Amino acid sequence: MAFNDISQQLQQQLQQAFVDKRGVSVVAGGTKQFYGRDPGITYEALDVSDHKGVVSYEPTELVVTARAGTTVSELNQVLAEHGQRLPFEPPVFNGEATLGGTLACGLSGPSRPYTGAARDFVLGTNIINGRAQLLRFGGEVIKNVAGYDVSRLMVGAMGTLGVILQASLKVLPIPQKETTIIFHLERDSALDLMNDFAARPLPVSATCFYGDILFVRLSGSEAAVESAYMALGGERLPKTDEVWQSLREFQHPFFDTELPLWRIAMTTAARPELPGEVMIEWGGAQWWLHSDSPAEEIRLAAARCGGHATLFRGGDRSSEIFHPLPPKMAALQERIRLAFDPHGILNPGRIEALNKKQS
């Protein structure tokens, strides 16, 4: 398997870090440094931003392969020239977000519950693990199902299992038509309506409730979108893209707060009482909350609804950022981490406290 000079340089840097048992911080566009724990230590940077470019693209096969330093904006542009897109709508963060960072953080946009999450579209990855080994998982075809699905394990691992060098992704055609309609409702009525949508064959591709307004995006063929609009009613927005772009890029006025920002995942049937202002996405499955209430109070409210809460931005970054796992799940996660990175050199402390990994 041939790797270019940049990947070899990255491997050599990791080989030395492995020998020295010295931590490294994996970086590229730097757009998601706010996410995850602050380990309180500055580590040597392992910069993958120059490892970029589209390796291959087969529009008829709906598959693209790109290096990790490729910006999401560049990838979107290449796909758009052939009428295709990344179905999970990742944020571009002013054009600086990279493919590797997007996958490592597992970020998906407004369409996530209707088309799938980032990990659902990953077909294969090339990585360097914490032993400085160059590894390849999965493939570059949609029907590749052999072996363990390690590629998807990399999505959301925050770079703690391996440095993503490149990834192959399934892409989808851009919908022929999109329109957004709004309904003026109270929260419970909006949640009931979103659950009703999920049980019906409607071309819903995004939902958001905020300020007593339910926003619903319809995507698909022109006939399907117009038929759904006639059936649902509501008020049509003249500019469909603006609200969803503001949500995807965290530019909506709701996110303009100095309070800690929480992302809470739960069942769509949940009706939690949360201590602060909320915005609801993903058909009721994702709640955004800005609140300065104690983390234990917020996580307890999420757990009562069968969910979990992540401190997405702000607050005390040296404390628990992610919802604590059940003991058996935590033990399994630690065994997987040790298999890929026995010395804990990849992004140490980014997910959990260093002393917990050493215990």
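The values are calculated or read from the model by the stated rules, or taken from the named source; none is laboratory data. No experiment lies behind these values; they were computed from the predicted model shown. Positions of Cβ are backbone-derived with ideal geometry, glycine not excepted, and every protein chain shown enters the neighbour counts.
Please pick out the residue among Ala68, Ala80 that is closer than 24 Å to Phe121 by Cα, surrounded by fewer than 20 Cβ atoms within 10 Å (Cβ to Cβ), in contact (Cβ under 8 Å) with a residue 40 or more places away in the chain and hydrophobic (A, V, I, L, M, F, W, C). Write out each step before concluding.
On the way: Ala68 fails: surrounded by fewer than 20 Cβ atoms within 10 Å (Cβ to Cβ).
Of the residues listed, the single one that is closer than 24 Å to Phe121 by Cα, surrounded by fewer than 20 Cβ atoms within 10 Å (Cβ to Cβ), in contact (Cβ under 8 Å) with a residue 40 or more places away in the chain and hydrophobic (A, V, I, L, M, F, W, C) is Ala80.
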Filter segment 324-342 for residues that are in a loop (DSSP other than H, G, I, E, B) and modelled with pLDDT under 95; the one that is farthest from Gly276 (Cα to Cα) is Pro326
Please enumerate the residues belonging to segment 91-120 that are within 23 Å of Arg136 (Cβ to Cβ) and buried (at least 23 other Cβ atoms within 10 Å of the Cβ). Thr98, Leu99, Gly100, Gly101, Thr102, Leu103, Ala104, Ala118
For segment 291-309, the count of residues that are closer than 28 Å to Asp196 by Cβ and not hydrophobic (A, V, I, L, M, F, W, C) equals 4
Scan (1) under 21 Å from Glu320 (Cα atoms); (2) buried (at least 19 other Cβ atoms within 10 Å of the Cβ) for the single condition Ser7 breaks and write down its number. (1)
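Got a sec? Which helices (runs of 4 or more DSSP H) wholly within segment 74-167 have at least 1 residues that are more than 28 Å from Ile264 (Cβ to Cβ)?
150-153
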Tell me, please, whether a residue that is surrounded by fewer than 18 Cβ atoms within 10 Å (Cβ to Cβ), modelled with pLDDT of 95 or more, aromatic (Phe, Trp, Tyr) and under 24 Å from Thr268 (Cα atoms) can be found in segment 174-185. yes
Taking Ser291, is it touching a Gly at 6+ places or on another chain (Cβ under 6 Å) and touching a residue at least 12 places away in the same chain (Cβ under 8 Å)? yes
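Would you check if there is a residue in segment 107-127 being among the charged types (D, E, K, R), farther than 30 Å from Pro201 by Cβ and touching a Gly at 6+ places or on another chain (Cβ under 9 Å)? Let's see the steps before the verdict.
In the first step, residues of segment 107-127 are kept if they are among the charged types (D, E, K, R); the result is 112, 119-120.
Now restrict to residues that are farther than 30 Å from Pro201 by Cβ: none.
No, segment 107-127 has no match at all.
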Among helices (runs of 4 or more DSSP H) completely within segment 187-277, the ones holding 1 or more residues that are over 28 Å from Ala301 (Cβ atoms) and more than 25 Å from the chain's Cα centre (by Cα) are 222-232
Leu99 vs. criteria hydrophobic (A, V, I, L, M, F, W, C), farther than 24 Å from Pro348 by Cβ, in contact with a helix residue (DSSP H, G or I) (Cβ under 8 Å, 6 or more places away or on another chain) and modelled with pLDDT of 95 or more: no
